[in-house]
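S.K.: Have a look at this one before I ask anything.
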Amino acid sequence: MSDRSSTWIRAFVAVNLPSEVKARVEDFQRGLKDSLRSDWVRWTPPEQIHLTVKFLGNIAADSVPDLGAALRHACAGVKAFELAAEGFGQFPEGTRPRILWVGMKGELDTLKRLVESVVRKTEAWGQTEDRPFHAHLTIGRVKTNHPRELRELSDALRLVKPTEFGQWRVTQVDLMQSTLSQAGAIHTGIAAFPLVA
């Protein structure tokens, strides 16, 4: 019997950012790091910042061809569209932030159709998400639970000015593998699925 690591992979479906947009988000993230206590937030490594379409979790490695066919089918009915990374916020709003994010603008209705198509066509894989889809790029996760530190963090975040990071045309979605290691997760592309030109 083969071990679990050779038969299962941790996967997700994503829209990846062009390098120039990712570089601007990284600059913004670096500015936040400099203005906040470093032990309050676990920052997303810049190379891992992406727009999650669907988190799949652990899937059987031998199901990837069937999953790929489902993703190809999901993308076949959606036209390429424009997105822009813009703005900044936190989940939840208020004095106990957990997730720090960069927002999305542009053709969000088309993005929503893409997400719905992917979720529908891949329901045999992964987890069901109960929360409504909110397009964002996670740039940090708050580590501290201390009430005073959370208040200070919340006060500091209120001073952050919204920023525009750039616009791009989304022409594909990517099936990604997330490999957990002592240094953190490592994301690698498995396959890309084109949208309608």
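Coordinate-derived values only; no laboratory data. Note that the structure is a prediction, hence the values are computed from the model and not measured. We place every Cβ from the backbone using ideal geometry, glycine too, and count neighbours over all the protein chains shown.
S.K.: Any idea how far apart GLU82 and GLU149 come out in nm if each label point goes 7 Å out from Cα toward Cβ?
M.R.: Inter-label distance under the simple model: 4.3 nm.
S.K.: Can I ask one more? Please state the charge dipole magnitude for the range 1-133, taken about the Cα centre, from unit charges on C-beta atoms (+1 on K and R, -1 on D and E), reported in debye and rounded to the nearest 20. Don't jump to the answer; show the numbers that get you there.
M.R.: Details: 19 positive and 18 negative charges, 33 e Å.
Roughly 160 debye, rounded to the nearest 20.
S.K.: Return the calculated 222 nm mean residue ellipticity for the chain, to the nearest 500 deg cm²/dmol, obtained by summing -39500 (n - 2.57) across DSSP H runs with n ≥ 4 and dividing by the residue count. Please report the intermediate quantities before stating the final value.
M.R.: Values: 5 runs with 59 residues, N = 197.
Here the helix-only value at 222 nm equals -9500 deg cm²/dmol.
S.K.: Give me the log10 of I(q) over I(0) for the chain at q = 0.07, 0.08, 0.17 Å⁻¹, as the Debye formula computes it from C-alpha points; what are the numbers?
M.R.: Here the Debye-derived log intensity ratios amount to -0.22, -0.29, -1.19.
S.K.: When the chain is fully extended, how far beyond the present Cα-Cα distance does ALA69 get from TRP8, taking 0.36 nm per residue of separation? Could you put the intermediate results ahead of the total?
M.R.: Values: separation 61, 0.36 × 61 = 21.96 nm, distance 1.84 nm.
Gain on extension, ALA69 to TRP8, equals 20.1 nm.
S.K.: A follow-up question, please. Put +1 on the Cβ of every Lys and Arg and -1 on every Asp and Glu Cβ in the range 67-163; which of THR110, LEU150, THR128 then has its Cα farthest towards the positive end of the dipole?
M.R.: Toward the positive end, the furthest listed residue is LEU150.
S.K.: Related question: Between SER181 and THR128, what's the calculated FRET efficiency when r is the beta-carbon distance and R0 is 35 Å? Round to 0.05. Please report the intermediate quantities before stating the final value.
M.R.: Values: r = 28 Å, r/R0 = 0.79.
Calculated value: 0.80.
S.K.: Could you work out the local net charge near ALA191, counting Lys and Arg as +1, Asp and Glu as -1, over the other residues with Cβ closer than 14 Å to its Cβ?
M.R.: Once positives and negatives cancel, what remains is -1.
S.K.: Given a 10 angstrom Cα cut-off, can you work out which residue in THR138, THR44, THR95 is the most mobile in a GNM of the chain?
M.R.: Looking only at THR138, THR44, THR95, the biggest GNM fluctuation is shown by THR95.
S.K.: Which pairs in the list LYS33/LYS54; LYS79/LYS112; LYS79/LYS121; LYS33/LYS112; LYS54/LYS79 are over 20 Å apart, alpha-carbon to alpha-carbon?
M.R.: Cα-Cα > 20 Å for LYS33/LYS54; LYS33/LYS112; rest within.
S.K.: Under 5 Å between amide H atoms, partner at least 5 residues away or on a different chain: which partners does VAL53 have, H built in plane at 1.01 Å?
M.R.: VAL13, ALA14, VAL15
S.K.: Mind giving me the nanometre distance, one decimal, between the label points for PHE91 and ASP27, set 7 Å out from Cα along Cα→Cβ?
M.R.: 2.8 nm
S.K.: Rounded, prolate or oblate: which fits the range 134-197 when a ≥ b ≥ c are the square roots of the eigenvalues of the alpha-carbon gyration tensor, with rounded for a/c under 1.5 and prolate only if a/b beats b/c?
M.R.: Note, shape of the range 134-197 comes out oblate.
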